[in-house]
Ligand SMILES: Nc1ncnc2c1ncn2[C@@H]1O[C@H](COP(=O)(O)OP(=O)(O)OP(=O)(O)O)[C@@H](O)[C@H]1O
């Protein structure tokens, strides 16, 4: 389980939040919301161990991320707001590479993962530079299906997706939570989370609770 303990984060000379206590429980979805520059991506990077807290701690199963090392990387699937695909490779080739590099137990083969994200064979067989923005997003999200990961951290995963793509992603999230996984994501899309029972993390509220500059 990931936990922020009295965590503070400054960026660009500005305090984004301070003293945040947060536990990401198994089977739960957390949705970070806030305007541009509010700190949503920074919060995910802090959770991923890509940024260090300026005060307090971020822990995985009770161990600070800096110490948790490979155990944490194997449990984590982080998808940034960029698609992260190599444009000269096909979607399947990208996924083969991602699966080989990932730490967790393999779950699904890359072609099947592409198909589950609604990419047809023609889309999967051409270099990613020829795909549309929504197709690129789908190919990037297919990485969620490749390897077992207890914690998904997803930055703007609904961006560029049409209604069918959004429904697919919701289904993937529901299946992940149903397996006891945890997910935290950022979004600008207002949606009814329904059965997913998302818990909101409102960046403005975190900042207001602290207030002031770094
Ligand atoms: N590499 C960086 N160096 C310094 N400051 C940064 C850096 N990246 C982001 N910031 C600052 O951190 C603050 C939060 O940025 P962040 O990207 O976390 O916001 P966000 O809520 O994800 O925004 P958006 O909705 O626009 O994606 C902003 O004030 C931004 O200028």
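Read-outs: derived from the displayed coordinates by stated rules, not from any lab. Please read all numbers here as calculations on a predicted model, not as lab measurements. We place every Cβ from the backbone using ideal geometry, glycine too, and count neighbours over all the protein chains shown.
Points worth noting:
- Sorted by Cβ density within 10 Å, fewest first, the residues 176, 81, 188: 188, 81, 176
- Gain in span if fully extended, residue 122 to residue 86, counting 0.36 nm per residue against the direct Cα distance: 11.2 nm
- Reducing the stretch 116-133 and the stretch 143-214 to their Cα centroids gives an inter-centroid distance of 24 Å.
- 0 to 90° range, to nearest 10: angle between helix 163-178 axis and the chain longest Cα axis: 60 degrees
- Gain on full stretching of the segment that runs from residue 64 to residue 115 - 0.36 nm per residue minus C-alpha separation: 14.6 nm
- Counting DSSP beta bridges with both ends in the chain, the antiparallel % (nearest 5): 50 percent
- Of interest is the spacing of the C-alpha centroids, which for the stretch 46-106 and the stretch 17-44 amounts to 17 Å.
- Taking N as its residue count, the alpha carbon Rg of the chain over 2.2 N^0.38 Å: 1.02
- Seen from every direction in turn and averaged, the convex hull around the alpha carbons of the stretch 112-214 projects onto 8.7 nm².
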